[in-house]
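For reference, the structure is listed below as C-alpha coordinates.
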2 protein chains.
Amino acid sequence: MGREAVVEAAASLADEKGLEAVTLSGLASELGIRTPSLYNHVAGLGGLRRELALMGVRELGHRLSRAAAGKAADEGIFGLARAYRGFVKERPGLYAATVRSYRLSHPDDPELAQAEGQAFEPVLAVLASYGLFGQEAVHAARGLRSVAHGFATLEVAGGFGIALDPEESFVRLLEAFAAGLRDQRR
Amino acid sequence: MGREAVVEAAASLADEKGLEAVTLSGLASELGIRTPSLYNHVAGLGGLRRELALMGVRELGHRLSRAAAGKAADEGIFGLARAYRGFVKERPGLYAATVRSYRLSHPDDPELAQAEGQAFEPVLAVLASYGLFGQEAVHAARGLRSVAHGFATLEVAGGFGIALDPEESFVRLLEAFAAGLRDQRR
DNA sequence: ACTATAAACTAATTATATTAGTACTGTCAA
DNA sequence: TTGACAGTACTAATATAATTAGTTTATAGT
(Lines give C-alpha, C1' and ligand atoms only; values in the text may rest on other atoms or scores of the structure.)
Protein backbone atom coordinates (compact mmCIF):
# COMPACT_ATOMS: atom_id res chain seq x y z
CA MET A 1 0.00 0.00 0.00
CA GLY A 2 2.72 2.48 0.85
CA ARG A 3 2.94 5.46 3.10
CA GLU A 4 2.26 7.91 0.30
CA ALA A 5 -1.14 6.38 -0.41
CA VAL A 6 -2.05 6.29 3.27
CA VAL A 7 -1.23 9.96 3.79
CA GLU A 8 -3.02 10.98 0.62
CA ALA A 9 -6.10 9.07 1.77
CA ALA A 10 -5.88 10.87 5.11
CA ALA A 11 -5.66 14.20 3.32
CA SER A 12 -8.75 13.42 1.25
CA LEU A 13 -10.59 12.42 4.38
CA ALA A 14 -9.56 15.69 6.01
CA ASP A 15 -10.76 17.68 3.02
CA GLU A 16 -14.10 15.93 2.87
CA LYS A 17 -15.02 15.55 6.51
CA GLY A 18 -12.71 17.91 8.33
CA LEU A 19 -9.41 17.39 10.06
CA GLU A 20 -11.16 16.19 13.22
CA ALA A 21 -12.54 13.26 11.21
CA VAL A 22 -9.03 12.01 10.52
CA THR A 23 -8.90 9.20 13.06
CA LEU A 24 -6.94 6.02 12.64
CA SER A 25 -10.15 4.01 12.71
CA GLY A 26 -11.79 6.19 10.12
CA LEU A 27 -8.77 6.12 7.88
CA ALA A 28 -8.36 2.36 8.24
CA SER A 29 -11.96 1.65 7.33
CA GLU A 30 -11.61 4.04 4.39
CA LEU A 31 -8.67 1.95 3.21
CA GLY A 32 -10.34 -1.37 3.97
CA ILE A 33 -7.79 -2.46 6.55
CA ARG A 34 -7.68 -2.73 10.34
CA THR A 35 -6.51 0.13 12.49
CA PRO A 36 -3.26 -1.36 13.80
CA SER A 37 -2.10 -2.04 10.24
CA LEU A 38 -1.67 1.69 9.81
CA TYR A 39 1.28 1.53 12.18
CA ASN A 40 3.20 -0.17 9.40
CA HIS A 41 3.05 3.09 7.47
CA VAL A 42 2.93 5.98 9.91
CA ALA A 43 3.98 6.51 13.50
CA GLY A 44 0.48 6.53 14.95
CA LEU A 45 -1.87 9.45 14.88
CA GLY A 46 0.89 11.90 15.78
CA GLY A 47 3.07 10.67 12.95
CA LEU A 48 0.18 10.85 10.52
CA ARG A 49 -0.45 14.46 11.49
CA ARG A 50 3.18 15.27 10.92
CA GLU A 51 3.02 13.72 7.45
CA LEU A 52 -0.09 15.72 6.69
CA ALA A 53 1.54 18.95 7.82
CA LEU A 54 4.57 18.24 5.67
CA MET A 55 2.55 17.33 2.61
CA GLY A 56 0.42 20.42 3.05
CA VAL A 57 3.31 22.84 3.39
CA ARG A 58 5.06 21.31 0.39
CA GLU A 59 1.98 21.46 -1.77
CA LEU A 60 1.39 25.05 -0.74
CA GLY A 61 5.00 25.87 -1.58
CA HIS A 62 4.66 24.37 -5.05
CA ARG A 63 1.53 26.33 -5.73
CA LEU A 64 3.09 29.55 -4.57
CA SER A 65 6.14 28.96 -6.76
CA ARG A 66 4.01 28.37 -9.81
CA ALA A 67 1.86 31.39 -9.01
CA ALA A 68 4.84 33.70 -8.59
CA ALA A 69 6.70 32.61 -11.69
CA GLY A 70 7.26 35.51 -14.04
CA LYS A 71 5.18 37.96 -12.06
CA ALA A 72 6.28 41.14 -10.35
CA ALA A 73 4.85 43.71 -7.96
CA ASP A 74 1.04 43.84 -7.73
CA GLU A 75 0.61 41.05 -10.22
CA GLY A 76 2.87 38.88 -8.08
CA ILE A 77 1.04 39.72 -4.88
CA PHE A 78 -2.32 38.99 -6.43
CA GLY A 79 -1.00 35.74 -7.87
CA LEU A 80 0.38 34.57 -4.54
CA ALA A 81 -2.73 35.52 -2.63
CA ARG A 82 -5.02 33.81 -5.12
CA ALA A 83 -2.90 30.68 -5.05
CA TYR A 84 -2.97 30.67 -1.24
CA ARG A 85 -6.71 31.11 -1.11
CA GLY A 86 -7.20 28.55 -3.85
CA PHE A 87 -5.25 26.00 -1.88
CA VAL A 88 -7.25 26.61 1.28
CA LYS A 89 -10.53 26.28 -0.59
CA GLU A 90 -9.57 23.20 -2.61
CA ARG A 91 -7.88 21.33 0.20
CA PRO A 92 -9.25 22.76 3.44
CA GLY A 93 -8.36 19.73 5.52
CA LEU A 94 -4.84 19.48 4.23
CA TYR A 95 -4.37 23.19 4.76
CA ALA A 96 -5.71 22.97 8.30
CA ALA A 97 -3.10 20.29 8.96
CA THR A 98 -0.37 22.77 8.06
CA VAL A 99 -1.52 25.19 10.75
CA ARG A 100 -3.08 23.13 13.51
CA SER A 101 -1.98 20.63 16.09
CA TYR A 102 1.40 19.35 15.01
CA ARG A 103 3.12 22.68 14.61
CA LEU A 104 2.95 23.95 18.18
CA SER A 105 4.01 20.72 19.81
CA HIS A 106 7.07 20.40 17.57
CA PRO A 107 8.19 23.95 16.88
CA ASP A 108 11.51 22.92 15.45
CA ASP A 109 10.97 19.89 13.28
CA PRO A 110 13.78 20.34 10.75
CA GLU A 111 11.96 18.85 7.77
CA LEU A 112 8.96 21.04 8.40
CA ALA A 113 11.14 24.09 8.85
CA GLN A 114 12.83 23.37 5.54
CA ALA A 115 9.53 22.96 3.73
CA GLU A 116 8.32 26.21 5.24
CA GLY A 117 11.48 27.93 4.12
CA GLN A 118 10.88 26.75 0.57
CA ALA A 119 7.29 27.93 0.61
CA PHE A 120 8.54 31.29 1.79
CA GLU A 121 10.93 31.82 -1.12
CA PRO A 122 8.53 32.80 -3.89
CA VAL A 123 6.98 35.33 -1.53
CA LEU A 124 10.33 36.94 -0.90
CA ALA A 125 11.03 36.92 -4.62
CA VAL A 126 7.86 38.82 -5.39
CA LEU A 127 8.49 41.29 -2.59
CA ALA A 128 12.02 41.87 -3.87
CA SER A 129 10.67 42.68 -7.32
CA TYR A 130 8.54 45.10 -5.40
CA GLY A 131 11.50 46.82 -3.81
CA LEU A 132 11.31 45.22 -0.40
CA PHE A 133 14.26 43.42 1.19
CA GLY A 134 15.46 42.17 4.55
CA GLN A 135 13.29 43.00 7.53
CA GLU A 136 11.04 45.14 5.35
CA ALA A 137 10.31 42.08 3.28
CA VAL A 138 9.66 39.91 6.33
CA HIS A 139 7.13 42.39 7.66
CA ALA A 140 5.42 42.54 4.29
CA ALA A 141 5.45 38.76 3.94
CA ARG A 142 3.80 38.38 7.33
CA GLY A 143 1.21 40.87 6.25
CA LEU A 144 0.50 39.13 2.98
CA ARG A 145 0.25 35.77 4.65
CA SER A 146 -2.04 37.17 7.33
CA VAL A 147 -4.31 38.60 4.69
CA ALA A 148 -4.48 35.43 2.61
CA HIS A 149 -4.68 33.06 5.56
CA GLY A 150 -7.16 35.20 7.43
CA PHE A 151 -9.53 35.68 4.54
CA ALA A 152 -9.41 32.10 3.32
CA THR A 153 -9.80 30.45 6.70
CA LEU A 154 -12.72 32.67 7.66
CA GLU A 155 -14.27 31.91 4.31
CA VAL A 156 -14.06 28.12 4.60
CA ALA A 157 -15.16 28.32 8.24
CA GLY A 158 -18.35 29.99 7.07
CA GLY A 159 -17.37 33.17 8.87
CA PHE A 160 -18.79 35.49 6.24
CA GLY A 161 -22.44 35.05 7.05
CA ILE A 162 -23.92 37.64 4.75
CA ALA A 163 -24.54 36.77 1.12
CA LEU A 164 -22.19 39.26 -0.50
CA ASP A 165 -19.71 38.12 -3.15
CA PRO A 166 -16.55 37.01 -1.33
CA GLU A 167 -14.52 37.32 -4.52
CA GLU A 168 -15.20 41.04 -4.55
CA SER A 169 -14.28 41.32 -0.86
CA PHE A 170 -11.03 39.50 -1.52
CA VAL A 171 -10.03 41.67 -4.44
CA ARG A 172 -10.72 44.81 -2.44
CA LEU A 173 -8.69 43.55 0.48
CA LEU A 174 -5.76 42.78 -1.79
CA GLU A 175 -6.03 46.13 -3.50
CA ALA A 176 -6.05 47.89 -0.16
CA PHE A 177 -3.06 45.90 1.03
CA ALA A 178 -1.10 46.46 -2.17
CA ALA A 179 -1.92 50.15 -2.20
CA GLY A 180 -0.82 50.38 1.39
CA LEU A 181 2.49 48.72 0.56
CA ARG A 182 3.10 51.20 -2.21
CA ASP A 183 2.28 53.99 0.21
CA GLN A 184 4.72 52.71 2.78
CA ARG A 185 7.56 52.41 0.33
CA ARG A 186 7.60 56.16 -0.09
CA MET B 1 -21.54 24.52 40.81
CA GLY B 2 -23.46 26.14 37.96
CA ARG B 3 -23.10 26.08 34.22
CA GLU B 4 -21.28 29.39 34.15
CA ALA B 5 -18.45 28.04 36.28
CA VAL B 6 -18.19 24.86 34.22
CA VAL B 7 -17.93 26.75 30.95
CA GLU B 8 -15.44 29.22 32.37
CA ALA B 9 -13.30 26.32 33.62
CA ALA B 10 -13.47 24.80 30.15
CA ALA B 11 -12.38 28.10 28.64
CA SER B 12 -9.40 28.31 30.99
CA LEU B 13 -8.47 24.77 30.12
CA ALA B 14 -8.67 25.64 26.43
CA ASP B 15 -6.47 28.69 26.92
CA GLU B 16 -3.85 26.80 28.88
CA LYS B 17 -3.67 23.49 27.08
CA GLY B 18 -5.38 24.11 23.76
CA LEU B 19 -8.91 23.49 22.59
CA GLU B 20 -8.11 19.84 21.85
CA ALA B 21 -7.43 19.35 25.56
CA VAL B 22 -11.01 20.27 26.39
CA THR B 23 -12.38 16.79 26.98
CA LEU B 24 -15.15 15.96 29.38
CA SER B 25 -12.75 13.79 31.39
CA GLY B 26 -10.14 16.49 31.57
CA LEU B 27 -12.65 19.12 32.54
CA ALA B 28 -14.24 16.88 35.16
CA SER B 29 -10.93 16.10 36.81
CA GLU B 30 -10.07 19.80 36.73
CA LEU B 31 -13.29 20.46 38.61
CA GLY B 32 -12.85 17.53 40.96
CA ILE B 33 -15.98 15.71 39.84
CA ARG B 34 -16.78 12.66 37.71
CA THR B 35 -17.32 12.92 33.99
CA PRO B 36 -21.05 12.11 33.86
CA SER B 37 -21.78 14.85 36.40
CA LEU B 38 -20.98 17.38 33.70
CA TYR B 39 -24.16 16.36 31.92
CA ASN B 40 -26.04 18.17 34.66
CA HIS B 41 -24.60 21.42 33.35
CA VAL B 42 -23.99 21.11 29.63
CA ALA B 43 -25.38 18.95 26.85
CA GLY B 44 -22.32 16.75 26.47
CA LEU B 45 -19.19 17.69 24.60
CA GLY B 46 -21.17 19.21 21.75
CA GLY B 47 -23.14 21.39 24.10
CA LEU B 48 -20.00 22.47 25.90
CA ARG B 49 -18.46 23.53 22.60
CA ARG B 50 -21.51 25.55 21.78
CA GLU B 51 -21.31 27.32 25.13
CA LEU B 52 -17.66 28.06 24.53
CA ALA B 53 -18.36 29.47 21.09
CA LEU B 54 -21.10 31.68 22.49
CA MET B 55 -19.01 32.90 25.40
CA GLY B 56 -16.13 33.64 23.07
CA VAL B 57 -18.14 35.61 20.55
CA ARG B 58 -19.80 37.62 23.31
CA GLU B 59 -16.54 38.41 25.01
CA LEU B 60 -15.03 39.43 21.69
CA GLY B 61 -18.02 41.65 21.02
CA HIS B 62 -17.64 43.41 24.37
CA ARG B 63 -13.98 44.04 23.77
CA LEU B 64 -14.64 45.40 20.31
CA SER B 65 -17.35 47.71 21.66
CA ARG B 66 -15.05 49.08 24.32
CA ALA B 67 -12.23 49.47 21.81
CA ALA B 68 -14.37 51.35 19.33
CA ALA B 69 -15.99 53.72 21.80
CA GLY B 70 -15.25 57.30 20.92
CA LYS B 71 -12.86 56.52 18.13
CA ALA B 72 -13.14 57.30 14.47
CA ALA B 73 -11.36 56.45 11.24
CA ASP B 74 -7.80 55.17 11.57
CA GLU B 75 -7.88 55.39 15.33
CA GLY B 76 -10.98 53.24 15.34
CA ILE B 77 -9.51 50.67 12.99
CA PHE B 78 -6.35 50.40 15.03
CA GLY B 79 -8.37 50.14 18.22
CA LEU B 80 -10.54 47.34 16.85
CA ALA B 81 -7.63 45.43 15.41
CA ARG B 82 -5.62 45.69 18.62
CA ALA B 83 -8.60 44.54 20.66
CA TYR B 84 -9.12 41.58 18.34
CA ARG B 85 -5.49 40.56 18.48
CA GLY B 86 -5.39 41.11 22.24
CA PHE B 87 -8.32 38.77 22.68
CA VAL B 88 -6.74 36.06 20.56
CA LYS B 89 -3.48 36.30 22.49
CA GLU B 90 -5.01 36.45 25.94
CA ARG B 91 -7.62 33.77 25.39
CA PRO B 92 -6.38 31.63 22.51
CA GLY B 93 -8.47 28.62 23.44
CA LEU B 94 -11.66 30.57 23.87
CA TYR B 95 -11.03 32.36 20.60
CA ALA B 96 -10.39 29.10 18.80
CA ALA B 97 -13.77 27.91 20.07
CA THR B 98 -15.42 30.82 18.27
CA VAL B 99 -14.00 29.75 14.93
CA ARG B 100 -13.62 26.00 15.04
CA SER B 101 -15.80 22.95 15.29
CA TYR B 102 -19.23 24.13 16.37
CA ARG B 103 -19.74 26.81 13.77
CA LEU B 104 -19.72 24.70 10.64
CA SER B 105 -21.97 21.97 11.95
CA HIS B 106 -24.60 24.48 13.11
CA PRO B 107 -24.44 27.34 10.61
CA ASP B 108 -27.68 28.88 11.78
CA ASP B 109 -27.77 28.71 15.53
CA PRO B 110 -29.88 31.78 16.31
CA GLU B 111 -28.17 32.70 19.58
CA LEU B 112 -24.77 32.49 17.98
CA ALA B 113 -25.94 34.51 15.00
CA GLN B 114 -27.26 37.18 17.34
CA ALA B 115 -24.00 37.34 19.28
CA GLU B 116 -22.09 37.60 16.03
CA GLY B 117 -24.34 40.41 14.90
CA GLN B 118 -23.60 42.31 18.08
CA ALA B 119 -19.88 41.82 17.73
CA PHE B 120 -20.19 43.17 14.21
CA GLU B 121 -21.82 46.45 15.23
CA PRO B 122 -18.83 48.38 16.55
CA VAL B 123 -16.95 47.49 13.38
CA LEU B 124 -19.70 48.94 11.23
CA ALA B 125 -19.79 52.02 13.45
CA VAL B 126 -16.10 52.69 12.94
CA LEU B 127 -16.35 52.09 9.22
CA ALA B 128 -19.29 54.50 9.02
CA SER B 129 -17.26 57.19 10.73
CA TYR B 130 -14.81 56.39 8.00
CA GLY B 131 -17.28 57.05 5.24
CA LEU B 132 -18.13 53.47 4.40
CA PHE B 133 -21.70 52.15 4.35
CA GLY B 134 -23.73 49.23 3.05
CA GLN B 135 -21.88 46.74 0.91
CA GLU B 136 -18.78 48.91 0.95
CA ALA B 137 -18.73 48.58 4.70
CA VAL B 138 -19.26 44.82 4.60
CA HIS B 139 -16.31 44.38 2.24
CA ALA B 140 -14.16 46.54 4.46
CA ALA B 141 -15.30 44.72 7.60
CA ARG B 142 -14.40 41.38 6.06
CA GLY B 143 -11.01 42.79 5.20
CA LEU B 144 -10.39 44.12 8.66
CA ARG B 145 -11.45 40.89 10.27
CA SER B 146 -9.29 38.88 7.89
CA VAL B 147 -6.30 41.01 8.76
CA ALA B 148 -6.80 40.80 12.52
CA HIS B 149 -7.80 37.15 12.55
CA GLY B 150 -5.10 36.14 10.13
CA PHE B 151 -2.30 37.88 11.90
CA ALA B 152 -3.33 36.88 15.40
CA THR B 153 -4.00 33.23 14.65
CA LEU B 154 -0.73 32.82 12.78
CA GLU B 155 1.01 34.49 15.67
CA VAL B 156 -0.40 32.23 18.38
CA ALA B 157 0.13 29.19 16.15
CA GLY B 158 3.82 30.02 16.08
CA GLY B 159 3.61 30.71 12.36
CA PHE B 160 6.05 33.60 12.42
CA GLY B 161 9.20 31.60 12.79
CA ILE B 162 11.76 34.35 12.45
CA ALA B 163 12.64 36.47 15.48
CA LEU B 164 11.46 39.83 14.20
CA ASP B 165 9.20 42.00 16.32
CA PRO B 166 5.59 40.97 15.58
CA GLU B 167 4.28 44.23 17.00
CA GLU B 168 6.08 46.11 14.25
CA SER B 169 4.73 43.71 11.63
CA PHE B 170 1.22 44.22 12.94
CA VAL B 171 1.41 47.99 12.91
CA ARG B 172 2.72 47.97 9.36
CA LEU B 173 -0.02 45.66 8.23
CA LEU B 174 -2.66 47.90 9.77
CA GLU B 175 -1.10 50.99 8.28
CA ALA B 176 -1.05 49.36 4.87
CA PHE B 177 -4.66 48.29 5.21
CA ALA B 178 -5.83 51.67 6.46
CA ALA B 179 -3.91 53.49 3.76
CA GLY B 180 -5.45 51.19 1.18
CA LEU B 181 -8.92 51.94 2.48
CA ARG B 182 -8.30 55.66 2.19
CA ASP B 183 -7.06 55.10 -1.35
CA GLN B 184 -10.15 53.15 -2.30
CA ARG B 185 -12.52 55.76 -1.00
CA ARG B 186 -11.34 58.19 -3.63
C1' DA C 1 14.83 -23.55 -1.28
C1' DC C 2 15.89 -19.94 2.49
C1' DT C 3 15.45 -15.82 4.50
C1' DA C 4 14.30 -11.11 5.27
C1' DT C 5 11.00 -7.72 4.84
C1' DA C 6 6.71 -5.50 4.11
C1' DA C 7 2.20 -5.41 5.33
C1' DA C 8 -1.47 -7.36 7.00
C1' DC C 9 -3.76 -9.59 11.16
C1' DT C 10 -5.83 -10.77 16.31
C1' DA C 11 -5.91 -9.79 21.14
C1' DA C 12 -5.69 -6.85 24.89
C1' DT C 13 -5.22 -2.21 27.34
C1' DT C 14 -6.36 2.48 28.11
C1' DA C 15 -8.95 6.81 27.51
C1' DT C 16 -13.05 9.10 26.34
C1' DA C 17 -18.09 10.08 25.57
C1' DT C 18 -22.40 8.76 26.57
C1' DT C 19 -26.66 6.76 28.72
C1' DA C 20 -29.38 4.92 32.49
C1' DG C 21 -30.49 4.78 36.80
C1' DT C 22 -29.63 6.19 41.79
C1' DA C 23 -28.55 9.03 46.05
C1' DC C 24 -27.93 13.12 48.66
C1' DT C 25 -29.14 17.95 49.86
C1' DG C 26 -31.16 22.07 50.20
C1' DT C 27 -35.37 25.13 49.55
C1' DC C 28 -39.92 26.23 49.76
C1' DA C 29 -44.87 25.48 50.11
C1' DA C 30 -48.49 23.18 52.53
C1' DT D 1 -42.35 20.61 60.40
C1' DT D 2 -42.58 17.85 56.81
C1' DG D 3 -42.62 16.35 52.25
C1' DA D 4 -41.88 17.17 47.39
C1' DC D 5 -38.94 18.75 43.98
C1' DA D 6 -34.91 20.65 41.75
C1' DG D 7 -30.22 20.52 41.53
C1' DT D 8 -26.12 18.10 41.65
C1' DA D 9 -23.49 14.49 42.45
C1' DC D 10 -22.71 9.44 41.98
C1' DT D 11 -21.96 4.22 40.04
C1' DA D 12 -22.37 1.00 36.35
C1' DA D 13 -22.27 -0.20 31.75
C1' DT D 14 -21.48 0.42 26.62
C1' DA D 15 -19.24 2.12 22.32
C1' DT D 16 -15.48 4.13 19.87
C1' DA D 17 -10.56 5.35 19.46
C1' DA D 18 -5.48 4.86 20.02
C1' DT D 19 -1.95 2.03 21.11
C1' DT D 20 1.11 -2.02 22.02
C1' DA D 21 2.49 -6.80 21.58
C1' DG D 22 2.89 -10.55 19.24
C1' DT D 23 1.57 -13.38 14.97
C1' DT D 24 0.83 -14.59 10.03
C1' DT D 25 1.53 -14.38 5.11
C1' DA D 26 3.31 -13.25 0.65
C1' DT D 27 6.98 -12.09 -1.98
C1' DA D 28 11.53 -10.51 -3.62
C1' DG D 29 16.42 -11.40 -3.36
C1' DT D 30 20.16 -14.55 -2.39
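The values are calculated or read from the model by the stated rules, or taken from the named source; none is laboratory data. Just so we're clear, the structure is a prediction, and the values are computed from it rather than from any experiment. Every residue, glycine as well, gets a Cβ built from its backbone with ideal geometry; the counts of neighbours run over all protein chains shown. Heads up: the accessible areas ignore ligands, DNA and RNA and are worked out on the full protein's heavy atoms, side chains in. Shrake-Rupley method; radii C 1.70, N 1.55, O 1.52, S 1.80 Å.
Things to note:
- If you wrap region B:45-186 in the convex hull of its Cα atoms and look at it from every side, the mean projected area works out to 8.8 nm².
- Reference-scaled alpha-carbon Rg (2.2 N^0.38 Å with N residues) for the protein assembly as shown: 1.01
- Average other protein chain Cβ within 10 Å of Cβ, residues A:156-169: 4
- Calculated [222 nm] ellipticity per residue, helices only, for chain B: -25000 deg cm²/dmol; basis is -39500 (n - 2.57) per DSSP H run with n ≥ 4, divided by all residues, nearest 500.
- Computed 3J(HN,Hα) for region B:126-139, one whole-Hz value per residue from the Karplus formula 6.51 cos²θ - 1.76 cosθ + 1.60 where θ = phi - 60°, is 4, 5, 5, 4, 8, x, 10, 9, x, 4, 3, 5, 5, 4, glycine and proline marked x.
- Shown in residue order for region A:45-52 are the 3J(HN,Hα) couplings computed by the Karplus curve 6.51 cos²θ - 1.76 cosθ + 1.60 at θ = phi - 60°: 5, x, x, 4, 5, 4, 4, 5 Hz (x for Gly and Pro).
- Total accessible area lost when B and A pair, probe 1.4 Å, Å² to nearest 100: 3600 Å²
- Test item: A:126-139 mean partner chain Cβ contacts at 10 Å: 2
- B:Asp183-B:Glu168 pseudo-label distance in nm [points 7 Å out on the Cα-to-Cβ vector]: 2.3 nm
- Cross-link reach list, lysines versus A:Lys17, counting only Cα pairs under 24 Å and skipping chain neighbours closer than eight places: A:Lys89
- All Cα pairs of region B:1-69, percent lying beyond 18 Å: 36 percent
- Sites B:Ala69 and B:Leu104 - FRET efficiency at Förster radius 35 Å, r taken between beta-carbons, to 0.05: 0.60
- Closest approach to the axis carrying A onto B, counted by Cβ on chain A and given in whole Å with its residue, is A:Gly150, 1.
- For the peptide A:115-122, the mean number of other protein chain Cβ atoms found within 10 angstrom of a residue's Cβ is 1.
- Other residues lying with their Cβ under 13 Å from the Cβ of A:Gly79 contribute a combined charge of +3, Lys and Arg counting +1, Asp and Glu -1.
- Environment charge at B:Gly158 (Cβ cut-off 12 Å; Lys +1, Arg +1, Asp -1, Glu -1): -2
- Farthest toward positive dipole pole in the protein assembly as shown [+1 Lys/Arg, -1 Asp/Glu at C-beta], among B:Asn40, A:Gln135, B:Val88: A:Gln135
- Using θ = phi - 60° in the Karplus curve 6.51 cos²θ - 1.76 cosθ + 1.60, the 3J(HN,Hα) couplings for region A:91-97 round to 10, x, x, 5, 5, 4, 5 Hz; x is entered for Gly and Pro.
- The relative contact order of chain B, computed from alpha carbon pairs under 8 Å that lie at least 6 residues apart in sequence, is 23 percent.
- Exam field: A:Gly70 pseudo-label spacings to other copies (7 Å along Cα-Cβ), nanometres: 5.7
- Scattering profile of region A:33-125 at q = 0.23 Å⁻¹ [log10 I(q)/I(0), Debye over alpha-carbon scatterers]: -1.11
- Within straight-line reach of A:Lys71, meaning a Cα separation under 20 Å, there are no lysines at least 8 residues removed in sequence or on another chain.
- Cα centroid separation, region A:34-111 to region A:112-186: 17 Å.
- Two-decimal log10 I(q)/I(0) for region B:95-168, as the Debye equation yields it once each C-alpha is a single scatterer, q = 0.23, 0.24 Å⁻¹: -1.10, -1.13
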